[in-house]
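Enquirer: Just passing along the structure, written as C-alpha coordinates.
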Amino acid sequence: MPLSPVVRLTRRDRQVDLLLSPDPDDHWWTLHHAGGSTEKAWTMRFGARTPAEIVAAVTDALTTSAADSPADPMQVLEHAGWKHTVLDHQISSPDGFVTVSRHPLGAMNVEVTAAHDGPWASEPTARTAWRAYFSDHTPPHLATAVLAGLVSTEPLLRDEKGMAPFLRYSVPIAPERVPAHQAESALRDRVDRLATQRTGTPPPPQPPGGPLPRRTR
(Lines give C-alpha, C1' and ligand atoms only; values in the text may rest on other atoms or scores of the structure.)
Protein backbone atom coordinates (compact mmCIF):
# COMPACT_ATOMS: atom_id res chain seq x y z
CA MET A 1 0.00 0.00 0.00
CA PRO A 2 1.48 3.41 -0.99
CA LEU A 3 2.79 5.46 1.98
CA SER A 4 1.96 2.59 4.32
CA PRO A 5 4.43 2.20 7.23
CA VAL A 6 3.84 -1.57 7.19
CA VAL A 7 6.59 -3.67 5.58
CA ARG A 8 6.44 -7.45 5.09
CA LEU A 9 9.39 -9.54 3.94
CA THR A 10 8.79 -13.17 2.96
CA ARG A 11 11.44 -15.85 2.60
CA ARG A 12 11.59 -17.60 -0.76
CA ASP A 13 10.02 -20.78 0.58
CA ARG A 14 7.13 -18.65 1.97
CA GLN A 15 7.53 -20.32 5.35
CA VAL A 16 8.89 -17.26 7.19
CA ASP A 17 7.60 -13.67 7.29
CA LEU A 18 9.24 -10.62 8.88
CA LEU A 19 6.62 -7.94 9.50
CA LEU A 20 7.33 -4.34 10.51
CA SER A 21 4.08 -2.76 11.67
CA PRO A 22 4.66 0.46 13.65
CA ASP A 23 2.02 0.43 16.38
CA PRO A 24 2.66 2.34 19.62
CA ASP A 25 0.37 -0.03 21.52
CA ASP A 26 1.76 -3.32 20.22
CA HIS A 27 4.92 -5.05 19.00
CA TRP A 28 6.57 -3.48 15.98
CA TRP A 29 8.60 -6.40 14.67
CA THR A 30 7.08 -9.86 14.18
CA LEU A 31 8.98 -12.87 12.82
CA HIS A 32 6.65 -15.77 12.09
CA HIS A 33 7.28 -19.28 10.82
CA ALA A 34 4.24 -21.00 9.38
CA GLY A 35 5.45 -24.47 10.27
CA GLY A 36 5.31 -27.58 8.13
CA SER A 37 5.54 -31.33 8.16
CA THR A 38 8.83 -31.35 10.11
CA GLU A 39 8.66 -28.06 12.06
CA LYS A 40 5.96 -26.52 14.21
CA ALA A 41 4.89 -22.91 13.79
CA TRP A 42 6.55 -20.27 15.98
CA THR A 43 6.56 -16.50 16.42
CA MET A 44 8.97 -13.88 17.76
CA ARG A 45 7.80 -10.34 18.54
CA PHE A 46 9.81 -7.24 19.44
CA GLY A 47 8.71 -3.87 20.82
CA ALA A 48 9.25 -0.48 19.22
CA ARG A 49 12.50 0.42 21.01
CA THR A 50 14.15 -2.97 20.54
CA PRO A 51 17.66 -2.21 19.21
CA ALA A 52 17.88 -2.93 15.50
CA GLU A 53 20.96 -5.01 16.25
CA ILE A 54 18.80 -7.44 18.23
CA VAL A 55 16.38 -7.96 15.34
CA ALA A 56 19.31 -8.21 12.91
CA ALA A 57 20.96 -10.88 15.06
CA VAL A 58 17.82 -13.00 14.81
CA THR A 59 17.45 -12.62 11.04
CA ASP A 60 21.16 -13.38 10.64
CA ALA A 61 20.72 -16.52 12.73
CA LEU A 62 18.04 -17.70 10.32
CA THR A 63 20.72 -18.00 7.64
CA THR A 64 23.36 -19.77 9.74
CA SER A 65 23.76 -23.18 11.31
CA ALA A 66 22.52 -23.86 14.82
CA ALA A 67 25.33 -26.36 15.46
CA ASP A 68 27.32 -24.02 17.74
CA SER A 69 24.32 -22.82 19.74
CA PRO A 70 23.63 -24.21 23.24
CA ALA A 71 20.56 -26.40 23.58
CA ASP A 72 19.37 -24.18 26.45
CA PRO A 73 19.50 -20.45 25.56
CA MET A 74 19.39 -19.54 29.26
CA GLN A 75 22.96 -20.83 29.58
CA VAL A 76 24.11 -17.66 27.82
CA LEU A 77 22.72 -15.57 30.68
CA GLU A 78 23.93 -17.90 33.43
CA HIS A 79 27.48 -17.87 32.05
CA ALA A 80 27.35 -14.04 32.05
CA GLY A 81 26.56 -13.97 35.76
CA TRP A 82 22.81 -13.43 35.61
CA LYS A 83 20.91 -14.87 38.56
CA HIS A 84 17.57 -16.61 38.94
CA THR A 85 14.99 -14.66 40.93
CA VAL A 86 12.73 -16.16 43.59
CA LEU A 87 10.85 -17.60 40.63
CA ASP A 88 12.70 -20.55 39.13
CA HIS A 89 11.59 -19.70 35.60
CA GLN A 90 12.91 -16.12 35.75
CA ILE A 91 16.46 -14.75 35.48
CA SER A 92 17.65 -11.15 35.86
CA SER A 93 20.70 -9.13 34.84
CA PRO A 94 23.14 -8.11 37.62
CA ASP A 95 21.81 -4.52 37.53
CA GLY A 96 18.21 -5.70 37.65
CA PHE A 97 17.17 -3.81 34.51
CA VAL A 98 16.60 -6.87 32.30
CA THR A 99 14.42 -9.86 33.13
CA VAL A 100 13.94 -13.00 31.05
CA SER A 101 11.09 -15.38 31.87
CA ARG A 102 10.60 -18.82 30.41
CA HIS A 103 7.25 -20.59 30.58
CA PRO A 104 6.95 -24.33 31.19
CA LEU A 105 6.15 -25.10 27.54
CA GLY A 106 9.11 -23.09 26.26
CA ALA A 107 7.77 -19.60 25.48
CA MET A 108 9.99 -16.73 26.65
CA ASN A 109 9.47 -13.08 27.60
CA VAL A 110 12.17 -10.40 27.73
CA GLU A 111 11.61 -7.08 29.51
CA VAL A 112 14.18 -4.28 29.53
CA THR A 113 13.62 -1.34 31.86
CA ALA A 114 15.32 2.02 32.35
CA ALA A 115 15.62 3.69 35.73
CA HIS A 116 16.17 7.39 35.02
CA ASP A 117 13.90 10.12 33.68
CA GLY A 118 16.57 12.79 33.50
CA PRO A 119 18.43 15.20 35.79
CA TRP A 120 15.17 16.97 36.65
CA ALA A 121 13.63 13.88 38.27
CA SER A 122 13.68 13.87 42.08
CA GLU A 123 13.91 10.07 42.15
CA PRO A 124 14.66 7.60 39.35
CA THR A 125 11.62 5.60 38.30
CA ALA A 126 11.64 2.31 36.42
CA ARG A 127 10.10 2.46 32.95
CA THR A 128 9.86 -0.25 30.32
CA ALA A 129 12.25 0.40 27.46
CA TRP A 130 11.26 -2.57 25.27
CA ARG A 131 9.84 -6.08 25.41
CA ALA A 132 10.20 -9.21 23.33
CA TYR A 133 8.25 -12.45 23.18
CA PHE A 134 9.21 -15.86 21.75
CA SER A 135 6.46 -18.46 21.37
CA ASP A 136 6.71 -22.17 22.05
CA HIS A 137 8.80 -24.03 19.45
CA THR A 138 11.00 -20.99 18.66
CA PRO A 139 14.34 -22.49 17.55
CA PRO A 140 16.82 -22.25 20.44
CA HIS A 141 19.55 -20.70 18.31
CA LEU A 142 17.27 -17.75 17.50
CA ALA A 143 16.53 -17.16 21.18
CA THR A 144 20.25 -17.50 21.87
CA ALA A 145 20.99 -14.75 19.34
CA VAL A 146 18.80 -12.36 21.33
CA LEU A 147 20.17 -13.34 24.73
CA ALA A 148 23.76 -13.07 23.48
CA GLY A 149 22.97 -9.51 22.48
CA LEU A 150 21.65 -8.76 25.95
CA VAL A 151 24.94 -9.75 27.60
CA SER A 152 27.16 -8.08 25.01
CA THR A 153 29.26 -5.12 26.19
CA GLU A 154 30.09 -3.71 22.74
CA PRO A 155 28.83 -0.14 22.19
CA LEU A 156 25.91 0.83 19.98
CA LEU A 157 26.17 3.72 17.55
CA ARG A 158 23.27 6.11 18.11
CA ASP A 159 22.37 9.74 17.49
CA GLU A 160 21.94 10.99 21.05
CA LYS A 161 19.41 13.62 19.98
CA GLY A 162 17.16 10.92 18.54
CA MET A 163 17.02 8.88 21.74
CA ALA A 164 14.03 8.99 24.07
CA PRO A 165 14.95 11.22 27.06
CA PHE A 166 14.47 8.50 29.64
CA LEU A 167 16.83 6.24 27.68
CA ARG A 168 19.37 8.99 27.11
CA TYR A 169 19.90 9.30 30.86
CA SER A 170 19.82 5.57 31.53
CA VAL A 171 22.89 4.45 29.59
CA PRO A 172 26.52 5.59 29.47
CA ILE A 173 27.16 7.73 26.39
CA ALA A 174 30.57 8.38 24.85
CA PRO A 175 30.60 10.88 21.94
CA GLU A 176 32.42 9.56 18.89
CA ARG A 177 32.88 10.87 15.37
CA VAL A 178 32.10 8.36 12.64
CA PRO A 179 33.64 8.98 9.19
CA ALA A 180 31.02 9.52 6.52
CA HIS A 181 32.33 6.65 4.38
CA GLN A 182 31.84 4.23 7.28
CA ALA A 183 28.20 5.17 7.72
CA GLU A 184 27.57 5.07 3.98
CA SER A 185 29.14 1.63 3.53
CA ALA A 186 27.62 -0.03 6.63
CA LEU A 187 24.69 -1.60 4.79
CA ARG A 188 26.83 -2.79 1.89
CA ASP A 189 29.35 -4.33 4.30
CA ARG A 190 26.56 -6.13 6.11
CA VAL A 191 25.14 -7.58 2.88
CA ASP A 192 28.62 -8.73 1.84
CA ARG A 193 29.18 -10.37 5.22
CA LEU A 194 25.90 -12.29 5.04
CA ALA A 195 26.63 -13.38 1.48
CA THR A 196 30.00 -14.67 2.65
CA GLN A 197 28.34 -16.80 5.34
CA ARG A 198 26.19 -18.48 2.71
CA THR A 199 28.84 -19.04 0.04
CA GLY A 200 32.09 -19.25 1.99
CA THR A 201 33.64 -16.66 -0.36
CA PRO A 202 36.06 -14.23 1.35
CA PRO A 203 34.52 -10.74 1.75
CA PRO A 204 35.87 -7.80 -0.28
CA PRO A 205 38.48 -5.53 1.36
CA GLN A 206 37.08 -3.05 3.90
CA PRO A 207 37.38 0.69 3.17
CA PRO A 208 39.89 2.72 5.23
CA GLY A 209 38.75 2.96 8.81
CA GLY A 210 37.20 -0.52 8.89
CA PRO A 211 33.58 -1.47 9.44
CA LEU A 212 31.26 0.17 11.91
CA PRO A 213 31.54 -1.18 15.45
CA ARG A 214 28.76 -3.73 15.92
CA ARG A 215 26.81 -5.03 18.85
CA THR A 216 23.67 -7.08 19.09
CA ARG A 217 22.10 -5.53 22.10
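Enquirer: Work out Dmax and Rg for the stretch 52-91 from the C-alpha atoms and quote the Rg first, both in angstrom.
Expert: Computed over the Cα atoms of the stretch 52-91, radius of gyration and Dmax are 12.9, 37 Å.
Enquirer: On full extension of the chain, what length is gained from residue 14 through residue 188, given 0.36 nm per residue of separation minus the C-alpha to C-alpha distance? It would help to have the intermediate numbers written out before the result.
Expert: Details: separation 174, 0.36 × 174 = 62.64 nm, distance 2.53 nm.
Contour length minus Cα-Cα distance gives 60.1 nm.
Enquirer: Let me ask something else. I need the calculated FRET efficiency for the pair residue 105 and residue 78, taking r as the beta carbon distance and R₀ as 22 Å, to the nearest 0.05.
Expert: Details: r = 21 Å, r/R0 = 0.94.
For residue 105 and residue 78, the calculated efficiency is 0.60.
Enquirer: Among 160-173, 48-61, 133-146, how do they line up from the highest to the lowest mean number of other beta-carbon atoms within 10 Å? Walk me through the intermediate numbers first.
Expert: Details: 160-173: 13.1, 48-61: 18.9, 133-146: 20.7.
Top to bottom by mean Cβ count within 10 Å: 133-146, 48-61, 160-173.
Enquirer: When the label point is put 7 Å from the Cα of residue 40 along its Cα-to-beta-carbon vector, which residues of the stretch 133-162 have a backbone N closer than 13 Å?
Expert: Within reach of a label on residue 40: 135-140.
Enquirer: Residue 153 to residue 89: FRET efficiency via 1/(1 + (r/R0)^6), r the Cβ-Cβ distance, R0 22 Å, to the nearest 0.05? Present the calculation step by step, with values, prior to reporting the outcome.
Expert: Working: r = 26 Å, r/R0 = 1.19.
Approximately 0.25, to the nearest 0.05.
Enquirer: Counting only protein heavy atoms and a 1.4 Å probe, tell me what percentage of the stretch 4-88's accessible area is made up of carbon and sulfur.
Expert: Of the solvent-accessible surface of the stretch 4-88, carbon and sulfur hold 52 percent.
Enquirer: Give me the percent of Cα-Cα pairs in the stretch 1-96 that sit more than 21 Å apart, rounded to a whole number.
Expert: Roughly 50 percent, once rounded to a whole number.
The values are calculated or read from the model by the stated rules, or taken from the named source; none is laboratory data. Predicted, not measured: the structure shown is a model, and the values here were computed from it. Quick reminder, even Gly has a Cβ in these numbers, built from the backbone with ideal geometry, and neighbours come from all protein chains shown. These accessible areas exclude ligands, DNA and RNA; they are computed on the full protein's heavy atoms, side chains included. Shrake-Rupley method; radii C 1.70, N 1.55, O 1.52, S 1.80 Å.
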